[in-house]
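First the structure, in the form of structure tokens, and then the observations on it.
FYI, it's all coordinate maths here, none of it is from the lab. From a predicted model like this one, the values you see are computed outputs, not experimental measurements. Cβ: placed from backbone, ideal geometry, glycine included. Neighbour counts: every protein chain shown.
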Amino acid sequence: MNENHEALCECIDQYLDDELDQTARTEFERHLNVCPDCQAYLEAYNHLLQTLDQCARGVTLPDDVDLKIRHEILRELGQSQHPSQIMDIEELARFLAMPVPEIVKLLDQLPSFELGGRIRFRRDRIIAWLEERERKMSWERDQANFQTKQKLIRFPGGQ
Ligand SMILES: [Zn+2]
């Protein structure tokens, strides 16, 4: 197999994810017609997707399934999950990978609302809040760096 052939085999993930442009896609499809490896990969992939489709989630994949294919399938499943927009505190704790008592400490900062006497969180608001926090923290870090640099400028030679 020449290098070009192998390079085309490498494209299969992008092909399956529909990430190739028109030219690359056509080129890959031409390659697919003549490449038994890619044909087998595609067939196994499609077969597994169908199986998973029928079984929905919670499926255990057979052990002999190629690791690369497993990876693709799991990614596919991850993308097809539609997490609910509204979370309760347990769901938020899972979402943020933090214990509930830690979330409780943050309650006055977290964007939340009350519904029927229970506290609820909107996923998009939480994400926006996280992004804001991230921005602020990196800004504070930049400030600290800046101050360190200023000191270095003011006291050359490190007094
Ligand atoms: Zn190939």
remark   = Over all pairs of different Cα atoms in the stretch 86-154, the reciprocal of the mean inverse distance gives a Kirkwood radius in Å of 13.9
inquiry  = Suppose each label sits 7 Å from its Cα in the direction of the beta carbon; what would the Phe113-Gln50 distance come out to in nanometres?
reply    = 4.5
note = With label points set 7 Å from each Cα along the Cα-to-Cβ direction at Arg94 and Val34, the distance between them in nm comes to 5.0
ask   = Which FRET efficiency, nearest 0.05, do Val104 and Glu134 yield, Cβ-Cβ r, R0 35 Å?
value = 0.95
